[in-house]
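Trainee: This structure is in structure tokens; I'll ask about it shortly.
What follows is calculated from the coordinates using simple rules that are stated; it is not laboratory data. Bear in mind that the values here come from a model prediction, so they are computed numbers and not experimental data.
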Amino acid sequence: MDPITILTILSGIGGMVFPAVVDFCKKKFIPSSADTPERTMGTLATTKPEVLASYTDSMGKYLLAQKDYFNRDIAGTPSTWVVNLRACIRPLATVGSIALLGMEMFCTFSLDPATRAGLVTVVTNWVGSRVI
């Protein structure tokens, strides 16, 4: 078997397995916290109801500050076409990769081996993220 075929097979398997491995590692090694705002509010409601209002007010301000920090690079509301463009990048890349690989199989042109491996990785990564 030539190295090009091995590279294509490895990139395909890697694209399928990588999303599942990342998901497994996140669930296995990053512990989920048992302390949630809802649990704290429930405890405060039964033990110290007088501080519950200030706690919910503080949590609201904290969440607004997080939202503002997350959206710091966006000035105002993005246009609908910008939102739609962002939403269609991965589907277009996947469909384009499938189309190019299909055209290579059924037409007379040939792709560069590295390009083929990249296209296989894009397609199998999408398939692997759907399996999770």
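Trainee: Per residue of the range 36-45, what does 6.51 cos²θ - 1.76 cosθ + 1.60 with θ = phi - 60° give for ³J(HN,Hα)? Whole Hz please, x for Gly and Pro, Karplus curve as stated.
Mentor: Rounded to whole hertz, the list is 10, x, 5, 5, 5, 5, x, 5, 5, 5.
Trainee: Next up: Which of Ala114, Ala20, Ala45 ends up with the largest GNM mean-square fluctuation for the chain, with Cα atoms connected below 10 Å?
Mentor: Ala45
Trainee: I'd like the Karplus ³J(HN,Hα) series for the range 93-98: coefficients 6.51, -1.76, 1.60, θ = phi - 60°, whole numbers in Hz, and an x wherever there's a Gly or Pro.
Mentor: 5, 5, 5, x, 5, 4
Trainee: Could I ask something else about it? Are any of the pairs Lys26/Lys48; Lys28/Lys48; Lys28/Lys67 more than 32 Å apart by Cα-Cα distance, and if so, which?
Mentor: Working: Lys26/Lys48 35 Å; Lys28/Lys48 35 Å; Lys28/Lys67 28 Å.
The answer is Lys26/Lys48; Lys28/Lys48.
Trainee: Then there's this: Consider just the alpha-carbon atoms of the chain and return their Rg together with their Dmax, both in angstrom.
Mentor: 23.7, 76
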